[in-house]
Amino acid sequence: MAKRKAMDGNAAAAEGARLARVQVVAAYPITPQTPIVEKLASFIDEQKLAARYINVESEHSALCATIGASLAGTRAFTATASAGLALMHEITGVAAGCRLPIVMPIVNRALPSPWSLWCDHSDSMGERDQGWLQIYTENAQEALDFIIFSYRLAEDERVLLPVNVCLDGFFLSHTSEAVIVPSQEEVDNFLPPYEPKNLVLDPLDPMAVNVLTSPAIFTEIKHQHKVAMDNSLQVFKEVSQQFQENFGRQYGLFETYACNDAEIIIVSMGTMSGTVRHLVKKMRKEGQKVGALKLTMFRPFPGRELAEILGKAQGVAVIDRSAGLGSLGPLANEVRSSLYDTANSNQGPVVCNYVAGLGGRDVTEDTIALIIKETVQAVEGNLKKSYESRWIDLLEEAESI
Amino acid sequence: MNIMQNQTRGKHLFHGLTSCEGCAMELVARTVLDILGTNTVVLTPPSCSAILTGFSRETGWHVPSFMANLEAVASYASGLRTGLEVLGKDKVNVVGYAGDGGTVDIGLQALSGAIERGHRIIYICYDNEAYMNTGIQRSGATSLGAWTTTTPGGKPTQRKDVPQMLLAQGIPYLATASTAYIDDLAKKVEKAKNTDGPSYIHVHAPCATGWRFPAHKTIDIARMAVQTGLWVLYEAVDGRLKITKEIKNFKPVEDYVKMQKRFQKATPEMIMELQRFATEGYEKLAERVENV
Ligand SMILES: Cc1ncc(C[n+]2csc(CCOP(=O)(O)OP(=O)(O)O)c2C)c(N)n1
Ligand code: SF4
Ligand SMILES: [Mg+2]
């Protein structure tokens, strides 16, 4: 029987890994991810989880060891954040290129410089083209569910790709809320024991893995990766269906709220989505036609599905929790490009990009209200194109600090 | 090809690999696999040993292999070893086969971490005293006075002694070895195989291409390094040191240096310093043997 328990996002993620019966954990602590790896170490120590813990000396080694364990044929887990993720960057491509179904939470924290302990998405966004699936969660329930969900998705033969489950640092990782914790039996029914379906390092089935590859076949191997990435959208839907049947909770590639007849839709990811929904609800009561779209799956980007919803609005406000220096925010770039076909017919919505919530700044109701106000102005002013991101929560004295 | 069928030594590595003529790195690899057999997985970093792991659809090993990252052979090996143990495949030998650059420079942290954690992995460093695969650049193992493309005037500083660093850290089995003493190497690999914990063997592996000597001189040069005292063959079981090839009449370092064009830029002072390094280095080790 499932149980209701109070836990924060980190505890929920660790609980998810325990229930997924991960066999090897290799991890290195970094704020705000640390409690996940501490909790897993305790689970193993208290024999609540039959796994081996590798106390590596860096995140670089954490991911290498996780890959090694996965190549041996075990279900492997690690977690990281910020600078730790940046240190792993060389290796994230190996995990994905070797098509290993590793699940790795990223507890989002701004990348230096300047140093920050607090949340934004600059760390995970740096990995967005490395060939991992990326899922952004809003609450502790999602954090727990998506660890289990992601192993099932990653291990599907049509996918065989690693998954990042992203949790907003502190806002989610360190905030307690009620979580329905499924029983081991329920999870076992959903997630069978791991069996490697592709690459393994086993003397009984010798293969050379990850070798230097000539231009004659490199493209084809990358293309296999691309196909798997594309497949994962469909597989996500199937896994989601199964998840709903088994656990009664439903997850989509994204979640819409009051979008049907909405003139303005706000697109967000992660914890701020709750605040967005709350404000939309209030404004709807006042008769304003606003809607909210929370994106769950950022990689692969479900552009076509998204365009169907957003294409009908007049204005789309995309909130990026990373600076996207030198361009728009990464989420806005994706949304704009998804809408290109609609926009070209001159009936597409105005897309405004707002950068907010950097380095742990709270994205408040006031900030979102301002975002909506500016987007309405942009729509009314017939401002079709906006090539610049608007830093909506900037202090007035920005240039003199 | 009857020769290949009759071959008993080195049979776990295909012939016709693209390493250079007279390559010690390849000979060492063959020897290692002769002893370990096919219940083995090998990890190589980018380096000349990557030639063995293969290119596109071809591989050199008869055993499973993985191309690691330059600084991470020991970390991948840690995870692989742990995963294999979880699955009850404890008998599989997990071998890191890495060059000096991947070991003493960029990979030192990962190696030290893996040793601290006590994984049963066998780490073999073939030491050709430079980054050869990228075209002969200095490494932390490059000898004082040696020319490389990044020390065009001869390397101004002495090589670092990583076996002694690892010994200081505490490791169940550690040995140095040489391409010129294959039987000694074989015995050491056997001991590493039977060690319940991490083991490390550092093999001096001359490189005709990078050291600028005729390919048929590889073994002579490796032997000369030992006979001058520049490279001492020893092993340490649980820290107890033993010299496995004692030298009574040392040859002058000059004789070793003369055999290789890479020392052409070395000054007389550098060569004197190398001589001192050889004599004192051997004496210091010998003293430690008596003290344990
Ligand atoms: C992170 C990283 N930095 C640099 C390189 C380039 N690189 C490839 S092989 C190599 C040198 C390796 O030297 P060593 O370990 O001594 O092996 P050898 O080539 O001498 O056999 C370097 C620097 C790399 N592959 N990865
Ligand atoms: S460069 Fe040296 S180590 Fe590399 S393959 Fe050639 S001889 Fe062997
Ligand atoms: Mg080298």
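Laboratory data are not the source of any read-out in this text; all were calculated from the coordinates shown. If you're wondering where the values come from, they're calculated on a predicted model, not measured in any experiment. For neighbour counting, all protein chains shown are included, and Cβ atoms are generated from backbone atoms with ideal geometry for every residue, glycine included.
For segment A:1-82, calculate the relative contact order in percent as a whole number, restricting contacts to Cα pairs under 8 Å that are 6 or more residues apart.
Relative CO of segment A:1-82 lands at 39 percent.
How big is the equivalent ellipsoid of segment A:3-247 along its three axes, where each semi-axis is √(5λ) from the Cα gyration tensor, reported in whole Å from largest to smallest?
Whole-Å semi-axes of the equivalent ellipsoid: 26, 21, 18.
Provide the percentage of antiparallel DSSP beta bridges, counting only those with both residues in chain B; round to the nearest 5.
So the antiparallel bridges in chain B amount to around 30 percent.
Hey, got the dipole for chain B? About the Cα centre, +1 on K and R Cβ, -1 on D and E Cβ, debye to the nearest 20?
My answer is approximately 360 debye.
Add +1 for every Lys or Arg and -1 for every Asp or Glu among the other residues with Cβ under 13 Å from the Cβ of A:ALA96, and state the total.
Result for the local shell: +2.
Under the rule of at least 5 residues apart or a separate chain, name every residue whose amide H is placed under 5 Å from the amide H of B:ILE171.
Close amide H contacts, sequence-distant or interchain: B:GLY239.
Just A:ALA79, A:ALA178, A:ALA95 to compare: in a GNM of chain A, with alpha carbon springs under 10 Å, which one fluctuates most?
Evaluated over chain A, the most mobile residue of the options is A:ALA178.
Can you tell me, using C-alpha contacts under 8 Å and at least 6 residues apart, the relative contact order of segment B:150-223 as a whole percent?
That works out to 30 percent.
Can you give the convex hull volume per residue for the Cα atoms of chain B, as a whole number of Å³?
That works out to 123 Å³ per residue.
Taking loop as defined by DSSP and a crowding limit of 15 other beta carbons within 10 Å, which GluC sites (Glu not before Pro) in segment B:1-105 fit?
Listed in order of number, the matching sites are B:GLU21.
Over all residues in B:53-65, what is the mean tally of Cβ atoms on other chains that come within 10 Å of each residue's Cβ?
5
Taking trypsin sites (Lys or Arg not before Pro) as exposed when DSSP calls them loop (any state but H, G, I, E, B) and at most 13 other Cβ atoms lie within 10 Å, what is the longest stretch of chain B free of them, the sites themselves excluded?
Answer - B:92-247.
Report the net charge of residues surrounding B:ALA110, where surrounding means a beta-carbon distance below 14 angstrom and charges are Lys +1, Arg +1, Asp -1, Glu -1.
Surrounding charge for B:ALA110 is -4.
Please enumerate, by chain and number, the lysines with C-alpha under 25 Å from the C-alpha of B:LYS89, excluding those fewer than 8 residues away in the same chain.
A:LYS48, A:LYS197, B:LYS11, B:LYS187, B:LYS188, B:LYS191, B:LYS193
For segment A:1-89, which GluC sites (Glu not before Pro) are in a loop by DSSP, counting at most 14 other Cβ atoms within 10 Å?
Those that pass, being in a loop and sparsely packed, are A:GLU46.
Taking amide H positions as placed 1.01 Å from N in the peptide plane, with prolines and chain starts having none, which residues 5 or more places from B:VAL203, or on another chain, fall under 5 Å of its amide H?
Residues meeting the amide H criterion: B:CYS125, B:TYR126, B:ASP127, B:ALA177.
Applying the Karplus parametrisation 6.51 cos²θ - 1.76 cosθ + 1.60 with θ = phi - 60° to the phi angles of segment A:45-53, what ³J(HN,Hα) value in whole Hz is obtained for each residue in order, glycine and proline being reported as x?
Values per residue, Gly and Pro as x: 4, 8, 6, 8, 9, 8, 9, 9, 10 Hz.
What does the structure give for A:22-29 when I average, per residue, the other chain Cβ atoms found within 10 Å of the residue Cβ?
Mean number of neighbouring Cβ atoms from other chains: 2.
Only helical DSSP H runs with n ≥ 4 go in: add -39500 (n - 2.57) per run for chain B, normalise by residue count and round the 222 nm mean residue ellipticity to 500 deg cm²/dmol.
-11000 deg cm²/dmol
If I model a spin label as a point 7 Å beyond the Cα along the Cα-Cβ vector, how far apart are those points for A:ILE401 and A:ARG4 in nm?
Inter-label distance under the simple model: 4.0 nm.
Mind checking the log10 I(q)/I(0) for the protein assembly as shown at q = 0.06, 0.07, 0.09, 0.11 Å⁻¹? Debye, one equal scatterer per Cα, no solvent, two decimals.
With no solvent term, the Cα-only Debye profile gives -0.42, -0.55, -0.82, -1.06.
Would you tell me the mean number of C-beta atoms belonging to other protein chains that fall within 10 Å of each C-beta in A:48-59, as a whole number?
Counting Cβ atoms of other protein chains within 10 Å of each residue's Cβ and averaging gives 4.
Over all alpha-carbon pairs of segment A:1-139, lay out the pair-distance distribution in 10 Å bins, whole %, shortest bin first.
12, 44, 35, 8, 0
All other residues with a Cβ under 12 Å from the Cβ of A:ASP341 taken together, and with Lys, Arg as +1 and Asp, Glu as -1, what is their net charge?
Around A:ASP341, the surrounding residues sum to +1.
Per the helix-only calculation at 222 nm, which mean residue ellipticity applies to chain A, given -39500 (n - 2.57) for every DSSP H run of n ≥ 4 and division by its residues, nearest 500 deg cm²/dmol?
One gets -13000 deg cm²/dmol as the mean residue ellipticity at 222 nm.
Show which lysines lie in cross-link reach of B:LYS251 when reach means a straight Cα distance below 21 angstrom and same-chain residues fewer than eight apart are skipped.
Within the straight-line cut-off, B:LYS251 pairs with B:LYS217, B:LYS261, B:LYS284.
What are the aspartates and glutamates whose alpha-carbon lies under 16 Å from the alpha-carbon of A:LYS285, with same-chain residues fewer than 8 places away excluded?
Partners within reach: A:ASP261, A:GLU263, A:GLU365.
Picking from B:ALA72, B:ALA215, B:ALA24, which is most flexible by a Gaussian network model of chain B using Cα springs under 10 Å?
B:ALA215
Most mobile of B:ASP127, B:ASP196, B:ASP34 per a Gaussian network model of chain B (Cα springs, under 10 Å)?
Sorting by GNM fluctuation, first place goes to B:ASP196.
B:ASN133's amide H: which non-local residues (gap 5+, or another chain) put their own amide H closer than 5 Å, with H modeled 1.01 Å from N in plane and none for Pro or chain starts?
Amide H neighbours of B:ASN133, under 5 Å, 5+ apart: B:CYS48.
Which of the listed residues, B:ILE124, B:THR218, B:ALA266, is farthest toward the dipole's positive end in chain B, when Lys, Arg count +1 and Asp, Glu count -1 at the beta-carbon?
Highest projection toward the positive end goes to B:THR218.
Taking only C-alpha pairs under 8 Å that are 6+ residues apart, what is the relative contact order of chain A in percent?
Normalised by residue count, the contact order of chain A is 16 percent.
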